[in-house]
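Below is one structure, written out as structure tokens; the observations come after it.
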Amino acid sequence: MTDTRDTSATGFRTRFLLAAAAWAVLVAAVLVAVPKAFSDRLPDPVATHWGPSGAPDGSAPAVFLAVVPLALWAVLAVSCLAFGRRRLVVRRAGRYGIVAGLAWGGIFVVGAQAVSIAANLDRSRWQDAAPVTWQAILVVVAASACALLAAWAGRRGPDEPPQAPEPGAAVPDLAPGRRVVWVSSASAPLLLVLSGAVLAASVAFAVLRLMGLSGRDWHTAAVLAVVALAGFALSTVSVRVSSEGMRVAYGPLRWPARRVPLGRIQRAWVEERYPSQVGGWGYRGLPGRATIMIRGGACLVVRYTSGGQLAISVDDADSGAALLNALLARHPAAPGPTSGERR
């Protein structure tokens, strides 16, 4: 039998990708064509940065006005199109983030480029560039308004509810005297690298300050160290399930860690979630209903006996959910999974 729903979703996804790609090409063409059209009326170098007073305080070669916005747009557009290739676009909540990101990014880079060109236009030196104050605020407001409008327009189309992956893990053998433990993790390599770079910068600032070679005070190194440690903590998550309950550890050193006794858990299941649905990467939400988002896809979701939930993006989530439910079925104080509920 033909699955008409899947055919419809595939067709919608194809049309969505074509429209998004057309928008990406249009924005890229504008970013290249506009600086070229005004190149003979711009100084070289051009002003590229304005201070709090609105006066220009930084410059770069004129090609900067085309190359940098184009590079930023390419990264954003490719990232959004990569998300668009997934089934995420046939879910209304997931589609919001993609269309809003494309709209905001496109309007912002074009607007920022337009403001920079207008400030440098017909100036003999970059130091004579016009001040930029309210124009920057206008660009951000316009980009945000277009993002909201795009998100509203994204309401059209299918709204397929998230489907839990088919259970792929066998029920573990919990024979008397047999101890079964499940351990899995997920990590974001890019965030690990960036956190390491920030930590290296923190150490460098601290060493230079100790040697008297830097006029910066200690708070620069301290702030960078805090940012690096936060990045490390959010870059990796590890989950351990055993007869004692669930242990969630953060960071490559598996610290800090949080333990949830088995008696506090009601049931577990697997659900697909993505950063656009939960508000981004890292620890999202509030205690009682939170998601630890390291990478999009299958998440282990645990419901507490108090009614709260915790979702964790972790590999082999099916096995973790199966073991938790098997342990709960054997645990005398736990209610166990609700019969007939498919997750």
Going through (1) within 29 Å of residue 197 (Cα to Cα); (2) open to solvent by 50 Å² or more (accessible area, probe 1.4 Å) one by one, residue 251 fails only at (2)
Can you say whether residue 282 is on the phi > 0 side of the Ramachandran plot and within 21 Å of the chain's Cα centre (by Cα), as far as the supplied structure shows? yes
Among the residues in region 288-310, are any modelled with pLDDT of 85 or more, open to solvent by 30 Å² or more (accessible area, probe 1.4 Å) and of a type in the set (Val, Ile, Thr)? yes
Only one residue in 281, 269 is among the hydrophobic types (A, V, I, L, M, F, W, C) and over 22 Å from residue 188 (Cβ atoms), so which one is that? 269
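The rows are residues; the columns are (1) open to solvent by less than 60 Å² (accessible area, probe 1.4 Å); (2) of a type outside the set (Ser, Thr, Tyr); (3) at pLDDT below 80; (4) assigned to a helix (DSSP H, G or I).
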| position | (1), (2), (3), (4) |
| --- | --- |
| 69 | yes, yes, no, yes |
| 75 | no, yes, yes, yes |
| 80 | yes, yes, yes, yes |
| 83 | yes, yes, yes, yes |
| 89 | yes, yes, yes, yes |
| 93 | yes, yes, yes, yes |
| 98 | yes, yes, yes, yes |
| 101 | yes, yes, no, yes |
| 106 | yes, yes, no, yes |
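Yes/no per residue for (1) open to solvent by 50 Å² or more (accessible area, probe 1.4 Å); (2) in a helix (DSSP H, G or I); (3) modelled with pLDDT of 75 or more:
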residue	(1), (2), (3)
144	no, yes, yes
148	yes, yes, yes
152	yes, yes, yes
158	no, no, no
163	yes, no, no
167	yes, no, no
List the number of the failed condition for residue 277; all other conditions in (1) in a helix (DSSP H, G or I); (2) at pLDDT below 90; (3) open to solvent by less than 40 Å² (accessible area, probe 1.4 Å) hold. (3)
Examine region 255-263 for a residue that is open to solvent by less than 70 Å² (accessible area, probe 1.4 Å), out of contact with any Cys (no Cβ under 8 Å at 6 or more places or on another chain), part of a helix (DSSP H, G or I) and within 30 Å of residue 178 (Cα to Cα), and state whether such a residue exists. yes
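The values are calculated or read from the model by the stated rules, or taken from the named source; none is laboratory data. This structure is a prediction, so every number in the text was calculated from the model and none was measured. We place every Cβ from the backbone using ideal geometry, glycine too, and count neighbours over all the protein chains shown. SASA here: full protein model, heavy atoms, side chains in, ligands and nucleic acids out. Shrake-Rupley method; radii C 1.70, N 1.55, O 1.52, S 1.80 Å.
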